[in-house]
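Quick note: the coordinates plus some simple rules give every number you see, no bench work behind them. These numbers were taken from a predicted model, which means no experiment stands behind them. Reconstructed Cβ throughout: ideal geometry from the backbone, glycine too, with neighbour counts over all protein chains shown.
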Amino acid sequence: MTNLTLRINHSVTDSSYVSAPGNYIDVDESVDTLIFSAGSTGVVADNLLIPDPDDFNRAATILTPQTGCTVAHYFLSDVSTGYLREALLAGAQNKQYAFCCSFDGATTTEPQLEAWDDANLNTYADICLGAGTPSASWYHAVCTTLGIPGSTSWSGTSLAGSAGANVLLLNSGSGYLTTSGDLYFNFRVDIPSGVSTPGSESPVLTITYTTI
């Protein structure tokens, strides 16, 4: 059995986990959540206590019919400490080491990042995932295992479901892992213009792979 540990880079230094392990925070997938937010001074910000839902709502990204936008802040709600920890290199940045996937052994398939409506992993009807049209998903990711995205305006892969065009291969398409190691990706939420029916949604990001 090969285990996976997901980590966020909680620094502004674009360094790998191997070279700077102290910059990374482990995600406890059983209780931690990712929060995508416009942020707010003194409340919804890095290294502050996890706020209540009303504070999160007040710091939500504002949607407009005229223009689209990219979510500005990507927080880990770190339940073990009770604090928000920001993935400071995530989003519209030309950075390589925002999210780290650490595997403690080999795999028999290439690990891939997927997005679904919930933990059942069988539907992608949420508005933010394209409401059934995967190419219209707001969730975008780019594999950075071999290098930086190349631009702050990278478009990446639209994540929704498990179809090949809408999942992100985390080993740069090179296939399964023959040994333990780290894979990297960056992630952004791009909200299109004209969204008229936003809702309270909690989609699930998952990394799937098989082992012997």
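Annotations
- Stretchable slack from S155 to L205, in nm (0.36 nm times residue separation minus alpha-carbon distance): 16.2 nm
- Burial order of peptide ranges 8-14, 70-76 (average beta-carbon count within 10 Å, highest first): 70-76, 8-14
- Neighbour-count ranking [beta-carbon atoms within 10 angstrom, fewest first] of C100, C143: C143, C100
- Viscosity 0.692 mPa s, 37 °C: Kirkwood-radius Stokes-Einstein D of region 145-208 over Cα pairs, µm²/s: 227 µm²/s
- Amide H contacts under 5 Å for E86, placed H, 5+ residues apart: N47, L76
- Amide hydrogen neighbours beyond the local backbone of Y24, cut-off 5 Å, H modeled: H10
- Potential lengthening between N122 and T70 on full extension [0.36 nm per residue; Cα-Cα distance subtracted]: 16.0 nm
- Placing unit charges on each Cβ (+1 for Lys and Arg, -1 for Asp and Glu) gives the chain a dipole about its Cα centre, and among L84, I207, V142 the Cα reaching farthest toward its positive end belongs to V142.
- Intensity falloff of region 49-133 expressed as log10 I(q)/I(0), Debye formula with alpha-carbon point scatterers, at q = 0.23 Å⁻¹: -1.37
- T109-A131 FRET efficiency (beta carbon distance; Förster radius 30 Å; 0.05 resolution): 0.55
- Placing +1 on the Cβ of every Lys and Arg and -1 on the Cβ of every Asp and Glu, with nothing else charged, gives the chain a dipole about its Cα centre of roughly 540 debye.
- Enclosing the Cα atoms of the chain in their convex hull gives a volume equal to 124 cubic angstrom per residue.
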